[in-house]
Each structure stands twice: as structure tokens, then as C-alpha cells.
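*Asks:* Have a look at the structure that comes next, please.
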Amino acid sequence: MAIDPEQQPITSVSREVGKSSGEISAEREPLIKENHDPENYSAVAAVLPFFFPALGGLLYGYEIGATSCATISLQSPSLSGISWYNLSPVDVGLVTSGSLYGALLGSIVAFTIADVIGRRKELILAALLYLVGALVTALSPIYSVLIIGRIIYGVSVGLAMHAAPMYIAETAPSQIRGRLVSLKEFFIVLGMVGGYGIGSLTVNILSGWRYMYATSVPLAVIMGIGMWWLPASPRWLLLRVIQGKGNVENQKEAAIKSICRLRGPAFVDSAAEQVDEILAELSFVGEDKEVTFGELFEGKCLKALIIGGGLVLFQQITGQPSVLYYAPSILQTAGFSAAGDATRVSILLGLLKLIMTGVAVVVIDRLGRRPLLLGGVGGMVVSLFLLGSYYLFFSASPVVAVVALLLYVGCYQLSFGPIGWLMISEIFPLKLRGRGLSLAVLVNFGANALVTFAFSPLKELLGAGILFCAFGVICVLSLLFIFFIVPETKGLTLEEIEAKCL
């Protein structure tokens with residue numbers, strides 16, 4: 001029998017759901033068995049429910065790559081095409097970090113609206129704001145309008161990075177859920193490489209920065225149309241049913257239609273039965289009780305927050321922005337001709353990130369989350385201490401720094417890069433997922449801002465060698481956190497994760 005993407009392939013539901021009233025009987029038996037048949041799914045049907053939300057990640061990555069080149073174009077007296085090209089370091093910093101401030105704001109907005117409007121409408125709103133932000137930025141006549149455009153674009157980043165993992169996780173078959181959510185990280189890196197590429201092609205033409213930002217407009221339109229076409233998450237629709245929000249029969253009918261569209265024509269006959277089973281399972285794990293703000297920090301909710309928030313916190317404070325900041329100088333020291341061109345260096349590292357993320361996508365549902373996290377973060381520890389040693393003791397041997405740099409980037413993309421976003425999309429109970437994931441995204445962007453702005457003064461105070469060794473120590477702490485706290489979720493459906501891991 002075919003079942004919903006989040007539905008337990010291994011569940012056996014003995015409770016009965018009233019077909020007419022939607023009421024769930026009080027009798028409950030274990031829903032999760034140890035041995036089960038694989039969940040039936042159509043790989044073709046899983047493509048579009050992944051692709052359109054993942055465009056939100058692509059647009060996020062594109063903004064990172066394009067902005068690194070746009071700041072060069074903006075400051076060119078001859079090629080900027082504006083009279084206010086003489087920007088101060090603070091002005092340039094605001095251009096670069098404007099989207100980060102917007103993403104923080106978007107995360108706060110997501111906390112309040114996510115469970116009300118649902119994942120699909122949140123992604124439609126994100127696409128609209130991507131479009132508006134890109135147009136305002138590309139057409140800005142003065143500096144202040146440019147910053148407003150960057151903040152609007154950033155709000156869409158916060159919304160998209162919140163809703164996309166949830167929508168993909170809630171509509172993906174459990175056997176390939178890890179692969180698909182991790183593939184979103186691949187799209188982010190692909191967007192970065194695309195941004196670097198478009199930037200390198202337009203940085204030397206008049207008003208090239210406008211073309212860089214305008215390029216994201218058609219992608220935002222495609223994302224918006226695609227999300228408008230896709231159905232709402234059936235899991236979210238049924239959560240509202242058992243929490244008494246909306247008309248029961250209408251919501252159940254919408255969920256049946258959603259499953260039919262997500263699974264294809266072959267699954268039409270079993271859709272109604274699947275809906276009843278999902279309702280029974282949601283009630284079994286207590287999803288019918290709406291969580292209050294205080295309960296976010298109690299019991300299962302608190303454990304999920306510790307796991308998800310801890311992963312995205314360590315994702316940012318283990319030094320990735322700082323290592324990439326030093327990449328051009330490291331490659332230049334090693335004698336790479338590309339080091340004289342920051343854009344080419346960025347493309348080189350972007351391609352490495354793309355390749356290693358692709359490797360993670362291929363193996364994550366076979367090897368599991370914990371092995372990749374432990375192995376990848378272990379490699380990051382070695383690379384950070386190597387980088388620190390280079391600046392402290394081996395400055396005459398630049399090959400040490402180059403090897404450490406490439407090892408760090410590769411190991412990060414095997415571990416924290418894709419798996420951090422995957423785990424926060426899996427680990428939160430459904431009734432908490434919207435607000436819990438928004439808190440995790442807020443931690444992510446907040447830690448990113450902290451590392452970004454603390455790096456320069458810490459570098460001046462401690463020196464690069466000590467700073468990288470300090471990041472290595474933080475990586476060791478993250479290894480301990482993963483080993484003792486983070487559970488393995490490979491092959492588990494979302495209900496199993498809540499039942500077994502929280």
C-alpha cells in the first residue's frame with residue numbers, strides 16, 4: 001500500500017478514525033514496529049515537490065555569490081553607473097550584511113505565521129519577496145533604496161530557509177527524505193557558484209551590479225508559480241484537523257487531493273485510507289494538543305530545540321566564514337594564479353563545495369546522519385588545527401594551509417553544511433515544527449552575524465593562528481555534542497523520530 005511521504009511505512013494502525021466525523025477512538029496500540037516493508041513512492045512524483053521549494057535555497061546561494069562581485073562593481077568609478085560609488089567600509093558592510101539582517105527579521109516573522117498560513121503559502125510569500133527585493137535592489141536610484149531592497153530580499157531568505165526544509169521533509173518519501181533535504185543544500189551551493197559565475201561575467205560591464213541582482217527575478221517568478229501549483233502539505237492540513245482548526249471534512253478532502261497529487265494517479269485509491277491512518281497516528285503521538293510558547297522549552301520540545309539549535313549553532317561558530325575569508329590569501333601564498341582574482345578563487349571553492357555536497361547527497365541515506373557528522377567534523381578539527389599551525393609555526397610551507405583549507409571546505413560540506421538543515425527539518429514534532437524550526441533558523445542567522453562581526457576584532461586581538469586553533473577547540477566540543485546528543489534518524493519516518501529519538 002502506498003502511504004504519505006511522512007507516513008510510517010512500518011506502522012500498523014489499530015485505532016479507527018471515524019470516516020464521517022473525523023473523530024479518533026481512544027483505543028491506542030503501538031503504531032511502530034521494528035520490521036516493515038519499504039514505503040512505496042514514485043521518484044518522478046517526488047521531483048517537483050522538491051524542486052520548487054529548493055529554488056528558495058538556490059536564490060539564497062545566488063545572493064551570496066552575486067553580492068561578493070556586486071560590491072566590486074558598486075565601488076567602480078567608471079563601471080558602477082552611479083554617482084554614489086564612493087562607499088565607505090561601513091556602507092559596503094551594510095550592502096553585504098543587509099540580507100542577513102533581513103533573514104533574522106524573516107525568521108521572527110516565520111515564528112508568528114508559519115503554523116497559521118502553512119508551508120506552501122509561506123514559500124509563495126518568500127517568492128514574492130524575493131521578486132520585490134531583487135527588483136528594488138537592481139533598480140535602486142540611491143544607496144538607501146539599495147539597502148531596503150537587500151533587507152527585503154533577506155526577509156525572503158529567512159522565510160524560504162524556514163519553510164523549504166519543512167515542505168520537502170513533509171512531502172518526501174522516508175527512504176529519500178535525507179537525500180532530498182540535503183539536495184537543497186546542493187542547490188544553495190549551486191546558487192553560490194552561479195552567483196560567482198554571473199558576477200564574473202558582468203563585473204566589468206557598465207552597471208554590472210544591477211544585472212547581477214536582476215538575474216534572480218525570473219527564478220523568483222518560477223518559484224512562485226511552482227509553489228502556487230503545488231498542493232499544501234497533507235501533514236499540515238491534517239494537523240489543523242485534529243487541533244480543531246477549520247472544517248474537518250474540507251481539510252480531509254484537501255489532504256486526500258494533496259496526497260493524490262504528490263503520489264500520482266497510482267495512489268488515488270488508497271489516499272482516503274492514508275488520511276485516516278495519518279490522523280490516527282498524529283493523535284497517538286499527542287499532536288492534537290496545541291503547544292504553548294512555554295511548552296517549547298519542556299519535554300520533547302526542549303530536546304528537539306537542543307538538538308536542532310545546537311547543530312545550527314555549531315554549524316556557524318566552527319569558523320566557516322573565517323576560513324573562507326582567508327581562502328584568497330592562502331591560495332595566493334601557495335602561488336595559485338587564480339588568487340589574484342577573488343572571483344575565480346570563489347568559483348574554485350564553490351565548485352569544491354558543490355562536489356562534496358553532491359557526495360553527501362548520494363551517501364546520506366545509506367550511511368546515515370551521525371557517521372557523516374562525526375567523520376566530517378573530525379576532519380574539520382584536523383584542518384583547523386593545521387591552519388592554526390600554519391600561521392603559528394609553518395608559514396614557510398603554504399602547502400599545509402592549502403591542504404587544510406581544502407580539507408575544511410570538503411569536510412564541512414559532508415557534515416554541517418547539508419546535515420544541519422536536514423536534522424532541523426526532521427527532529428521537531430509536527431505541532432512544534434513551524435515555531436521550533438523558526439527558532440533554529442534564527443539561531444543560525446544570529447550566530448552567522450555574531451561570527452561575521454566578531455571575526456575582525458578577534459583576529460586583531462588574538463592573531464589568525466590562535467583564532468583558528470580556538471575554532472578547532474569549538475569543533476571538538478561539537479564532536480562531543482554530536483556523539484552524546486544527536487540521534488540517528490536514517491530510514492525513520494517523522495513519527496518514528498518523534499517516538500524513538502525524543
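The values are calculated or read from the model by the stated rules, or taken from the named source; none is laboratory data. This one's a predicted model, so the numbers in the text were calculated from it and none came from an experiment. Methodologically, a virtual Cβ is constructed for each residue, glycine included, from the backbone with ideal geometry; neighbour enumeration extends over all protein chains shown. Accessible surface areas use protein heavy atoms only, side chains included; no ligands, DNA or RNA. Shrake-Rupley method; radii C 1.70, N 1.55, O 1.52, S 1.80 Å.
*Asks:* Which ones in the range 160-177 are open to solvent by 10 Å² or more (accessible area, probe 1.4 Å) and among the aliphatic types (A, V, I, L, M)?
*Replies:* Ile176
*Asks:* While we're looking at this one, here's another question. Here are some conditions: (1) within 20 Å of Ile64 (Cβ to Cβ); (2) open to solvent by 50 Å² or more (accessible area, probe 1.4 Å). Trp228 meets all but one. Which one does it not meet?
*Replies:* (1)
*Asks:* Name, by its number, the condition in (1) out of contact with any Lys or Arg (no Cβ under 6 Å at 6 or more places or on another chain); (2) at negative phi that does not hold for Ile419.
*Replies:* Of the numbered conditions (1) out of contact with any Lys or Arg (no Cβ under 6 Å at 6 or more places or on another chain); (2) at negative phi, the odd one out for Ile419 is (1).
*Asks:* Here is a follow-up. Please work out if Ser478 is of a type in the set (Gly, Ala, Ser), surrounded by 18 or more Cβ atoms within 10 Å (Cβ to Cβ), farther than 18 Å from Ala114 by Cα and out of contact with any Leu (no Cβ under 6 Å at 6 or more places or on another chain).
*Replies:* Yes.
*Asks:* For the range 363-393, give me the residue count where each residue is within 17 Å of Gly178 (Cα to Cα), of a type in the set (Gly, Ala, Ser) and surrounded by 18 or more Cβ atoms within 10 Å (Cβ to Cβ).
*Replies:* So the first thing to find is which residues in the range 363-393 are within 17 Å of Gly178 (Cα to Cα), and the list is 363-374, 376.
Then keep just the ones that are of a type in the set (Gly, Ala, Ser); that gives 368, 376.
Filter once more, so that each one left must be surrounded by 18 or more Cβ atoms within 10 Å (Cβ to Cβ): 376.
The qualifying residues number 1.
*Asks:* Is it true that some residue in the range 117-124 is acidic (Asp, Glu) and either open to solvent by 10 Å² or more (accessible area, probe 1.4 Å) or over 17 Å from the mean Cα position of the chain (by Cα) (or both)?
*Replies:* No, because not a single residue in the range 117-124 is acidic (Asp, Glu) and either open to solvent by 10 Å² or more (accessible area, probe 1.4 Å) or over 17 Å from the mean Cα position of the chain (by Cα) (or both).
*Asks:* In this structure, is Leu94 within 22 Å of the chain's Cα centre (by Cα), at pLDDT 80 or above and of a type in the set (A, V, I, L, M)?
*Replies:* Working: within 22 Å of the chain's Cα centre (by Cα): no; at pLDDT 80 or above: yes; of a type in the set (A, V, I, L, M): yes.
So Leu94 does not fit the description; no.
*Asks:* Only one of (1) free of Cβ contacts under 8 Å to residues at least 60 places away in the same chain; (2) at positive phi is not met by Gly81, so which one is it?
*Replies:* The number of the failed condition is (1).
*Asks:* Could you list, in sequence order, the residues of the range 394-420 that are open to solvent by less than 10 Å² (accessible area, probe 1.4 Å) and either in contact with a Leu (Cβ under 7 Å, 6 or more places away or on another chain) or among the hydrophobic types (A, V, I, L, M, F, W, C) (or both)?
*Replies:* Those that are open to solvent by less than 10 Å² (accessible area, probe 1.4 Å) and either in contact with a Leu (Cβ under 7 Å, 6 or more places away or on another chain) or among the hydrophobic types (A, V, I, L, M, F, W, C) (or both): Ala401, Ala404, Leu405, Tyr408, Val409, Gly410, Ser415, Phe416, Ile419, Gly420.
*Asks:* Something else about it: Can you tell me which residue within the range 88-104, out of those that are open to solvent by 30 Å² or more (accessible area, probe 1.4 Å) and either among the hydroxyl-bearing types (Ser, Thr, Tyr) or in contact with a His (Cβ under 8 Å, 6 or more places away or on another chain) (or both), is nearest to Leu439 (Cα to Cα)?
*Replies:* Of everything passing the filter in the range 88-104, Tyr101 is nearest to Leu439 (Cα to Cα).
*Asks:* Right, another one. With the condition kept exactly as written, say whether any residue in the range 66-87 is within 19 Å of the chain's Cα centre (by Cα), at pLDDT 90 or above and either assigned by the TED database to the domain that holds Leu430 or open to solvent by 10 Å² or more (accessible area, probe 1.4 Å) (or both).
*Replies:* No: the range 66-87 contains no residue that is within 19 Å of the chain's Cα centre (by Cα), at pLDDT 90 or above and either assigned by the TED database to the domain that holds Leu430 or open to solvent by 10 Å² or more (accessible area, probe 1.4 Å) (or both).
*Asks:* Moving on to the next point. Report, by residue number, each residue of the range 46-79 that is among the small types (Gly, Ala, Ser) and outside any helix (DSSP H, G or I).
*Replies:* Scanning the range 46-79 gives Ala46, Ser76, Ser78.
*Asks:* All but one of (1) without any contact (Cβ under 8 Å) to a residue 12 or more places away in the chain; (2) part of a helix (DSSP H, G or I) hold for Ala103; which doesn't?
*Replies:* Among (1) without any contact (Cβ under 8 Å) to a residue 12 or more places away in the chain; (2) part of a helix (DSSP H, G or I), Ala103 violates only (1).
*Asks:* Also, I was wondering about something else. Examine the range 191-202 for a residue that is of a type in the set (Val, Ile, Thr) and open to solvent by less than 10 Å² (accessible area, probe 1.4 Å), and state whether such a residue exists.
*Replies:* No, that holds for no residue.
*Asks:* I'd like to know if the range 433-446 contains one or more residues that are assigned to a helix (DSSP H, G or I), of a type in the set (D, E, K, R), surrounded by 23 or more Cβ atoms within 10 Å (Cβ to Cβ) and at pLDDT below 85.
*Replies:* Looking through the range 433-446, at least one residue is assigned to a helix (DSSP H, G or I), of a type in the set (D, E, K, R), surrounded by 23 or more Cβ atoms within 10 Å (Cβ to Cβ) and at pLDDT below 85.
*Asks:* Taking the condition of a type outside the set (Phe, Trp, Tyr), over 25 Å from Asn444 (Cβ atoms) and outside the structural domain of Gly133 (by the TED database), does Ile242 pass?
*Replies:* yes
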